[in-house]
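The values are calculated or read from the model by the stated rules, or taken from the named source; none is laboratory data. What you are looking at is a predicted structure, and each value in this text was computed from that prediction instead of being measured. Neighbour counts are summed over all protein chains in view; Cβ atoms, including those assigned to glycine, are modelled from backbone coordinates with ideal geometry.
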């Protein structure tokens, strides 16, 4: 784990981060086994998901994925991929290199909202469009958990700049302004760069970091530290 450092130390250091998405990530998406991962994380959570939760195995009539066993609160899990990316995942041929490239490009797409002569609105980002589409497919009383099986933001536990605006924070603000999310809460589960799973309430931006070594079968990454003179 990278320990928290002050901003001056950050300016003197450079972190080169490489993430690798293994072919097996296709299997957990196609099989739906990612729902078990989400459920395990929810029930391991003490802060973001403080209750006990169960999976609804019978979803013949469009029922949600998870229910709070105490309150009956409903949760639906979504992976923000579009139809074409779903076809790439479902293909038996090839590896995930093309899909990996797309995922990385979507994360990098955020920078074009702030630089250049023709800045791109948040609403034009591919990830925003997919998340908005996901929400439209849930019922009004269902909370949404976005499971993102790759590093999507620069996130470390205890990182001093964690409060700065990032892709998911900006997307949530636009979603809450342009989409009817009243009566439901939005969450994201993704991978931090210090090898933890991040459980994040997008409304409050509160985060919880959990050890989950199983995920490294699907995604791994290396952090190379270079001290600048």
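Please tell me if residue 109 is part of a helix (DSSP H, G or I) and closer than 21 Å to residue 169 by Cβ.
On the way: part of a helix (DSSP H, G or I): yes; closer than 21 Å to residue 169 by Cβ: yes.
Answer is yes for this residue.
Rundown of residues vs (1) over 20 Å from residue 190 (Cα atoms); (2) surrounded by fewer than 15 Cβ atoms within 10 Å (Cβ to Cβ); (3) at pLDDT 90 or above, yes/no style:
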residue: 13; (1), (2), (3): yes, yes, no
residue: 29; (1), (2), (3): no, no, no
residue: 36; (1), (2), (3): no, yes, yes
residue: 43; (1), (2), (3): no, yes, yes
residue: 47; (1), (2), (3): no, yes, yes
residue: 50; (1), (2), (3): no, yes, yes
residue: 53; (1), (2), (3): no, no, yes
residue: 60; (1), (2), (3): yes, yes, no
residue: 67; (1), (2), (3): yes, no, yes
| Subset of segment 112-128 [assigned to a loop (DSSP other than H, G, I, E, B) and either surrounded by 14 or more Cβ atoms within 10 Å (Cβ to Cβ) or within 15 Å of the chain's Cα centre (by Cα) (or both)] | 120, 125
| task | Could you name every one of the strands (runs of 3 or more DSSP E) located completely within segment 50-91 that has at least 2 residues being under 29 Å from residue 128 (Cβ atoms) and free of Cβ contacts under 8 Å to residues at least 60 places away in the same chain? | result | 53-55, 66-68
| said: One residue is enough: does segment 156-163 have a residue meeting the conditions more than 27 Å from residue 28 (Cα to Cα), modelled with pLDDT under 90, surrounded by 13 or more Cβ atoms within 10 Å (Cβ to Cβ) and in contact with a strand residue (DSSP E or B) (Cβ under 8 Å, 6 or more places away or on another chain)? | reply: yes
| request: Kindly check whether there is at least one residue in segment 174-182 that is surrounded by fewer than 19 Cβ atoms within 10 Å (Cβ to Cβ), touching a helix residue (DSSP H, G or I) at 6+ places or on another chain (Cβ under 8 Å) and at pLDDT 90 or above. | output: yes
